[in-house]
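Accompanying notes for the structure given below.
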Amino acid sequence: MNRFSYFILILTFPFFSCKLPKGKYTSPEGYNLKMPDKFKMPSSLLEISGIAFRNMNADTVYSIQDEDGRLFRQAWGVKKQKNIKFAPSGDYEDLAIAFEQVFVLKSSGTVYSFPFSETTRKKTDLVKEYKRLVPKAEYESLYADAGEKKLYILCKSCASDKKKQLLTGYRLAYDQGADTLTFEGSFSIALDQLEKKLKTGFHPSALTKNPRTGEWYILSSMNKLLVVTDASWRIKEAHQLNASTFNQPEGIAFDKDNNLYISNEGDEITDGNILKFAYK
């Protein structure tokens, strides 16, 4: 290479290196995260966080928003919602429905539960509140495994994870006969593979399991990432989410047809929504 060509290369390299590479926004196998079916939420669900289905039936969407202790329900595509009051105002982050119970996670780690049969009422007094089952920290991710009779909770910000390339999670065992939750143990996810994608640590906002593959899907609103692990919590892949599609992704769920749903909080400009990604 002559000096003139080298000089031209040096001048043009910064320009080309700033271009976004093709394929930056990728998708898990079977899904196209660029092609959602969008369901806009009413103003009452501008700050929608967790979403869930009962027995994976997507005819009715159940959701919470992170300021009011209410469980909302609505038919897919129908803005009109009905709701039940289960707790005072607070920071409610995720939702799970299993064992004919509704479970709601507060950011403090407190878990609320009440019978699913109560969801058609305007208010329920049959609420159990589980405090201090997990260490004091910040949490946003909850998943209920009906087969294992367990709940899984992931740290969003835990003191034990600071300055480590680890993410801690906890298992809670559910006794259906006694209708009780007890602490069972902890687990961790090694984040070494995500090092290049992380600038502020990994902060999960929602969690679910792919019923077809058994893989864990972990969503992070702060990092704009969808991370997929195997059944043993080993990271397999990470997908960068396009901010123009995913305003503030806070909830995730699958239905019985393996379609993927991700809910997004709104803001002053954008409505809250739920995005459906059909499985192919």
With T = 37 °C, eta = 0.692 mPa s and Kirkwood Rh from C-alpha pairs, the Stokes-Einstein D of region 199-280 in µm²/s is about 250
Summed over the other residues with a beta carbon less than 14 angstrom from that of Lys256, with K and R at +1 and D and E at -1, the charge totals +1
Net +/- balance of residues flanking Lys82 in space, Cβ distance below 9 Å, scoring K and R +1, D and E -1: +3
Fraction of the pair-distance distribution of region 138-280 above 19 Å, Cα-Cα pairs, percent: 53
Between Trp233 and Glu138, Cβ-based FRET efficiency (R0 35 Å, step 0.05) works out to 0.95
With n ≥ 4 as the cut-off for DSSP H runs, can you work out [θ] at 222 nm for the chain, using -39500 (n - 2.57) per run divided by the number of residues, rounded to the nearest 500? -2000 deg cm²/dmol
Would you work out the relative contact order for the chain, in percent, from Cα pairs under 8 angstrom that are 6 or more residues apart? 18
What the Cα atoms of region 32-277 span along the principal axes, largest first and in whole Å, is 47, 41, 33
Cα pair count fraction exceeding 22 Å, expressed as % - region 50-135: 18
Inter-label distance for Asp175 and Asp91, nm, one decimal - labels placed 7 Å from Cα along Cα-to-Cβ: 3.2
How far apart, in nm, are two points set 7 Å out from the Cα along the Cα-to-Cβ line at Ser117 and at Glu67? 3.5
Taking Lys and Arg as +1 and Asp and Glu as -1, residues besides Met35 with C-beta under 14 Å from its C-beta add up to +3
Which order do the peptides 256-264, 91-99 take when ranked by the mean count of other beta-carbon atoms within 10 Å per residue, highest first? 91-99, 256-264
Degrees separating the helix 3-17 axis from the principal Cα axis of the chain, which is the longest one: 10
Region 212-274: relative contact order from alpha carbon pairs under 8 Å, six or more residues apart, as a whole percent, is 22
Treat the count of other C-beta atoms within 10 Å as a stand-in for reagent exposure and order Lys156, Lys276 from fewest to most. Lys276, Lys156
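None of the figures in this text is laboratory data; all of them are computed from the coordinates on show. Please read all numbers here as calculations on a predicted model, not as lab measurements. Cβ sites come from the backbone with ideal geometry, for glycine too, and all protein chains shown count toward neighbours.
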